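Comments concern the structure below.
Throughout, read-outs are computed from the coordinates displayed, never taken from laboratory work. As the structure is a prediction and not an experimental result, all values here were calculated from the model. As a convention, Cβ positions derive from the backbone with ideal geometry for all residues, glycine included, and neighbour counts pool all protein chains shown.
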Amino acid sequence: MNAISKDVDRTDIAKGSDGSRLAKLNEWVAEVAALTRPDRIQWCDGSDAENDALIAQMLDDGTLVKLNEQTHPNSYLHRSDPDDVARVEHLTFVCTSDQDDAGPNNHWMAPTEAHAKMDALFEGCMAGRTMYVIPYCMGPIDSPLSRCGVEITDSPYVVANMRIMTRMGAPALARIEKEGAFVKGLHSTGELDPDRRFIMHFPEELAIKSFGSGYGGNALLGKKCHALRIASHQARNEGWLAEHMLILGIENPQGETHYIAAAFPSACGKTNLAMLIPPEGYRSAGWKVWTVGDDICWMRPGQDGRLYAINPEAGFFGVAPGTSEKSNPNALACLQRDAIFTNVGVTADNQPWWEGLDDGQQPAIDWRGEPYDPAKRPAAHPNSRFTVSAKACPSYSPEAENPAGVPISAIVFGGRRASLVPLVFEARDWTHGVLVGASMGSETTAAATGAVGVMRRDPMAMKPFCGYNFADYFAHWLSFDTPGAKLPKIFHVNWFRKGDDGKFLWPGFGDNIRVLEWMIGRVKGTAPAVDTPIGALPAIEGINLDGVELSSEAREKLFGYDRGGWASEFEAISDYLGEYGPRMPQRLSEEAERTASALQA
Ligand code: TSX
Ligand code: MN
């Protein structure tokens with residue numbers, strides 16, 4: 001157990017000692033207990049003993065199934081309710097007093113109405129159950145960029161996952177006692193009735209209420225609810241950014257490391273990029289990619305004017321299907337022990353299994369716990385997950401624990417685009433880069449929607465996660481461009497361009513380091529580029545393509561640009577941005593017009 005936890009007298013906390021900086025927390029816990037009426041209240045300290053007891057209890061009641069101890073020590077499978085397997089955007093609300101503050105990008109409900117609705121659902125919902133109080137810290141425990149929260153839940157599965165995904169327990173409680181401030185998250189799995197399921201955010205109160213789902217994004221409140229929706233609102237007020245971005249470090253043979261933050265919509269391989277292993281030629285030359293985070297990035301200007309970033313999370317809650325020795329060996333290495341799997345299949349000898357694992361084994365039981373029948377359903381749910389500590393990742397950056405964060409040299413936006421969009425381009429300046437982020441789009445895959453190849457705009461990959469009006473969000477991004485700011489360069493990438501034969505033109509995966517190398521060359525002023533109206537494209541001699549075989553069609557499509565196609569794209573972009581109405585910053589519309597007219601010229 002952590003030393004700090006010994007200083008905390010839990011009996012005293014539960015009583016709510018006067019004058020204590022924890023009084024606010026104790027009062028809230030008492031209030032919630034009076035509403036939800038649990039049989040027991042358990043304050044979580046994050047200790048091994050506490051975790052062992054929770055795991056034993058979940059094995060006993062069937063919440064968890066133990067996996068093969070020889071091949072996957074200390075690893076477990078959770079099968080969720082079959083109707084509770086993903087985030088539910090249509091039931092996710094941002095409850096600001098003024099509807100315009102939530103914006104057209106969010107579902108909105110008035111705070112009083114939302115509280116009344118949720119409190120009715122929560123009334124007595126924990127009767128016969130244990131209420132867990134989980135103090136947690138998003139970000140390194142000693143970082144000024146970190147923020148704390150407390151999640152109250154009746155789900156031991158949530159406790160076990162929060163223990164991996166956040167800095168949970170006694171040290172977080174000690175920080176809350178020192179600061180007095182925390183985000184209040186209330187969660188109950190309820191009866192898992194899809195008609196009585198809501199995820200409500202109250203950014204003005206720094207509060208979250210989530211009922212009726214045990215699924216990660218709806219139930220692990222530190223992640224999407226706190227670290228993105230609530231934090232984005234807080235970040236605007238306090239002058240920082242809470243983004244849906246991976247963070248990686250790229251180390252060159254001279255031993256210099258540059259940090260890159262990158263935003264992609266779902267199904268673009270964010271976790272794979274965050275854990276990239278360079279191709280052999282690069283590795284032997286001394287290149288290395290370090291993983292800081294795979295999903296969320298909090299960044300703010302430092303004393304020197306640069307943006308400094310932390311990963312607020314402590315683990316990975318990644319999509320299992322498609323994770324293989326080829327696509328992501330580092331992720332696979334993380335999953336050999338101490339992992340929780342949700343909704344994957346299992347082999348006859350009880351090893352976790354998913355589509356695209358490609359290890360030569362076969363599934364015996366599917367994610368519903370039934371004998372595997374390919375005619376019925378895939379073995380693993382397409383949104384099945386692993387939860388694992390970041391420390392288990394072979395490429396985990398030691399700098400990820402640096403309380404000062406890492407300085408960001410480049411911000412990358414990207415999407416899945418079969419046509420038009422080249423492999424990489426660089427924005428002219430910050431304003432143009434914000435436009436590039438705001439106009440991001442990606443084509444859907446079967447895993448996400450069933451409808452394949454439909455273009456969805458997803459500004460900065462924040463469409464489901466921005467806790468306030470997108471027009472205000474773009475203005476906030478623009479506001480970082482101040483005298484003295486040493487902002488990162490902004491790029492756009494597309495690993496998914498296809499040829500006329502429908503095949504991918506770029507090898508992707510480890511070879512993406514070639515694109516990252518060009519970006520860092522641009523940051524340092526050494527890599528050549530060609531200016532175009534959409535931004536700067538790599539000069540063909542400026543990007544290392546040794547060992548990559550590209551047809552002339554591939555070269556043309558990956559490194560060229562189609563003026564007519566982009567002119568149409570910019571019409572679509574103006575229409576899309578127009579949907580955000582009169583609150584849209586004029587600087588952004590002007591930037592779009594500037595590009596559009598350059599394309600006409
Ligand atoms: O994650 C991906 N990345 C980023 C990796 C660092 N994926 C998987 C996306 C689904 C989550 C990719 N898929 C990437 C990519 O760069 N590129 C592609 C498309 C692609 C697929 C297969 C091949 C090449 C490109 N080639 C062969 O299978 C041989
Ligand atoms: Mn995400």
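A few remarks follow.
- FRET efficiency, 1/(1 + (r/R0)^6) with R0 22 Å, evaluated for Arg37 and Asp193 via beta carbons: 0.70
- Ordering Thr71, Thr526, Thr445 by the number of other Cβ atoms within 10 Å of each residue's own Cβ, fewest first, gives Thr526, Thr71, Thr445.
- Taking only alpha carbon atoms, the chain gives an Rg to Rh ratio of 0.96, where Rh is the Kirkwood radius.
- Here the Karplus curve 6.51 cos²θ - 1.76 cosθ + 1.60, taken at θ = phi - 60°, turns the phi angles of the stretch 502-508 into couplings of x, 9, 4, 8, 10, x, x Hz, with x standing for Gly and Pro.
- A Förster radius of 35 Å combined with the Cβ-Cβ distance from Ser589 to Asp359 puts the calculated FRET efficiency at roughly 0.10.
- Thr92 long-range amide H proximity, modeled H, under 5 Å: Ile199
- Scattering profile of the stretch 234-381 at q = 0.10, 0.15, 0.18 Å⁻¹ [log10 I(q)/I(0), Debye over alpha-carbon scatterers]: -0.46, -0.87, -1.07
- Here the calculated FRET efficiency for Glu370 and Val454, from their Cβ-Cβ distance with R0 = 30 Å, stands at 0.45, rounded to the nearest 0.05.
- Each principal axis of the Cα atoms in the stretch 319-390 has its own extent, and those three values, largest first, are 34, 23, 22 angstrom.
- Entries of Lys223/Lys463; Lys326/Lys557; Lys224/Lys463 with Cα pairs more than 19 Å apart: Lys326/Lys557
- Scanning residues 5 or more positions from Ile152 or on other chains, those with amide H under 5 Å from its amide H are Ile134, Gly185, Leu186, His187, with H placed 1.01 Å from N in the peptide plane.
- Taking the alpha carbon gyration tensor of the stretch 259-341, multiplying each eigenvalue by 5 and rooting it gives semi-axes of 24, 18, 12 Å, largest first.
- Percentage of interatomic Cα-Cα distances in the stretch 450-535 larger than 21 Å: 57
- From least to most packed, judged by other beta carbons within 10 angstrom and beginning with the fewest, Glu591, Glu541 follow the order Glu541, Glu591.
- Counting neighbouring Cβ atoms within 10 Å and putting the fewest first, the residues Val150, Val406, Val548 line up as Val548, Val150, Val406.
- Remark: the stretch 118-241 projects, on average over all directions, an area of 7.5 nm² (convex hull of Cα atoms).
- Residues with amide H under 5 Å from that of Arg129, placed H, sequence gap 5 or more: Asp39, Arg40
- Among beta bridges from DSSP that stay inside the chain, the antiparallel ones total about 65%.
- Angle of helix 48-61 to the longest C-alpha principal axis of the chain, folded into 0 to 90 degrees and rounded to 10: 80°.
- Net length gained if the chain between Ala404 and Ala116 were fully extended (0.36 nm per residue, minus Cα distance): 99.6 nm
- Label point distance in nm, Asp98-Arg21, each placed 7 Å from Cα along Cα→Cβ: 3.3
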